[in-house]
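Here the structure comes first, spelled out in structure tokens, and everything after it is commentary.
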There are 2 protein chains.
Amino acid sequence: MCEANVFLLEPDGEELLLLDAVDKVVPLEQDKIYLENIYGERKTVRARIKEMHLVEHRIILE
Amino acid sequence: MCEANVFLLEPDGEELLLLDAVDKVVPLEQDKIYLENIYGERKTVRARIKEMHLVEHRIILE
């Protein structure tokens, strides 16, 4: 499966895991992002996409 | 490998393949997006991310 783990980059440089095994990512209005993983878990976070490395299964938000 | 194909959604609803086998996606300033695939091909396009379905290997820009 080709889902990714979504991390939030914190001001101190730490990466906080927001949701694992994410399939669906949809940017919404006002810098919000909707995430849905393969287990049906859903989160909407206020952040923007910083970078994605799909081969490493990593999506970094900030 | 878990790269994705990146499509641009055109006004008529057609999806134009911009780059296949994309590993790295980095949003830049002014609604530009940098794409890099596993073959080292790189593109910067003026668009924003509409939605991503990683399990289907699809990223849709608009």
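Tell me, yes or no, whether region A:26-40 has at least one residue that is of a type in the set (Val, Ile, Thr), touching a Leu at 6+ places or on another chain (Cβ under 6 Å) and modelled with pLDDT of 95 or more. Walk me through how you get there before you give the answer.
Of region A:26-40, the ones of a type in the set (Val, Ile, Thr) are A:26, A:33, A:38.
Adding the requirement that they be touching a Leu at 6+ places or on another chain (Cβ under 6 Å) leaves none.
No, there is no match, as no residue in region A:26-40 is of a type in the set (Val, Ile, Thr), touching a Leu at 6+ places or on another chain (Cβ under 6 Å) and modelled with pLDDT of 95 or more.
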Only listed residue being open to solvent by 30 Å² or more (accessible area, probe 1.4 Å) and in contact with a Ser or Thr (Cβ under 7 Å, 6 or more places away or on another chain), chosen from A:LYS32, A:LYS24, A:LYS50, A:LYS43: A:LYS32
All but one of (1) open to solvent by 40 Å² or more (accessible area, probe 1.4 Å); (2) of a type outside the set (Gly, Ala, Ser); (3) over 21 Å from B:LEU61 (Cα atoms) hold for A:LEU18, so report the exception by its number. (1)
Pick from region B:23-62 the residues that are of a type outside the set (A, V, I, L, M), touching a residue at least 24 places away in the same chain (Cβ under 8 Å) and closer than 20 Å to B:ASP12 by Cβ: which of them is nearest to the other protein chains (Cβ to nearest Cβ)? B:LYS50
State which residue pairs qualify: first residue more than 16 Å from A:LYS32 (Cα to Cα) and inside region A:6-21, second residue in a strand (DSSP E or B) and of a type in the set (D, E, K, R) in any location, beta carbons under 9 Å apart, and separation of 6 or more residues or different chains. A:GLU15/A:ARG58
Quick check, is A:PRO11 over 12 Å from the mean Cα position of the chain (by Cα) and not small (Gly, Ala, Ser)? yes
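Mind checking which residues of region B:1-15 are surrounded by 11 or more Cβ atoms within 10 Å (Cβ to Cβ) and away from chain A (no Cβ under 12 Å)? Can you show your working first?
From region B:1-15, those surrounded by 11 or more Cβ atoms within 10 Å (Cβ to Cβ) are B:2-9, B:15; that's our starting set.
Once the filter is applied, which keeps residues that are surrounded by 11 or more Cβ atoms within 10 Å (Cβ to Cβ) and away from chain A (no Cβ under 12 Å), region B:1-15 yields B:PHE7, B:LEU8, B:LEU9, B:GLU15.
The values are calculated or read from the model by the stated rules, or taken from the named source; none is laboratory data. Quick caveat, the model's predicted, so the values are computed rather than measured. Don't worry about glycine lacking a Cβ; one is built from the backbone with ideal geometry, like all the others, and counts go over all protein chains shown. Please note that ligands, DNA and RNA were not included when accessible areas were found on the heavy atoms of the full protein model with its side chains. Shrake-Rupley method; radii C 1.70, N 1.55, O 1.52, S 1.80 Å.
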